[in-house]
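These notes concern the structure reproduced below.
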């Protein structure tokens, strides 16, 4: 009778008082089940995508040559060169356009004397960045130095 006094419903129906604990048990079970599903499917450990080795190599070259000093990715970086976030899918430019600039440089962009393989790795990295299609990144994906964490 304590439950009846605590709830103090105006209706004197014993069936109603029997249903309240069952309803709470059902709702709690449903909540636990839903929370487990959300945890499993939103956990980044379960959603890891394999990043090809040439993308990692291109990212390392990007960082070693300090490309972010002049160029932007996702709106982060320098302002001397163009934002390269979606350069690979740009119909007027694309990978062939990028390859020439990366390989030979310009009057504003230095020639880094990269090998053909290194140029292809940088382009692979920029294609990988392009696939994300985002112009903003989450704070968790930006290292304190302004570079990007992709693993």
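When restricted to residues that are in contact with a helix residue (DSSP H, G or I) (Cβ under 9 Å, 6 or more places away or on another chain), at positive phi and either modelled with pLDDT of 85 or more or not in a loop (DSSP other than H, G, I, E, B) (or both), the stretch 69-112 contains 1. Among the residues of the stretch 10-31, none qualifies, meaning not one is assigned by TED's automatic domain parsing to the domain that holds residue 121, surrounded by 10 or more Cβ atoms within 10 Å (Cβ to Cβ), part of a helix (DSSP H, G or I) and modelled with pLDDT of 75 or more. If you check 81, 105 for being free of Cβ contacts under 8 Å to residues at least 40 places away in the same chain and buried (at least 16 other Cβ atoms within 10 Å of the Cβ), only one passes: 81.
Only one entry in 129, 119, 142 is over 19 Å from the mean Cα position of the chain (by Cα), on the phi < 0 side of the Ramachandran plot and either at pLDDT below 70 or surrounded by 14 or more Cβ atoms within 10 Å (Cβ to Cβ) (or both), namely 119.
The values are calculated or read from the model by the stated rules, or taken from the named source; none is laboratory data. These numbers come from a predicted model, not from an experiment. Methodologically, a virtual Cβ is constructed for each residue, glycine included, from the backbone with ideal geometry; neighbour enumeration extends over all protein chains shown.
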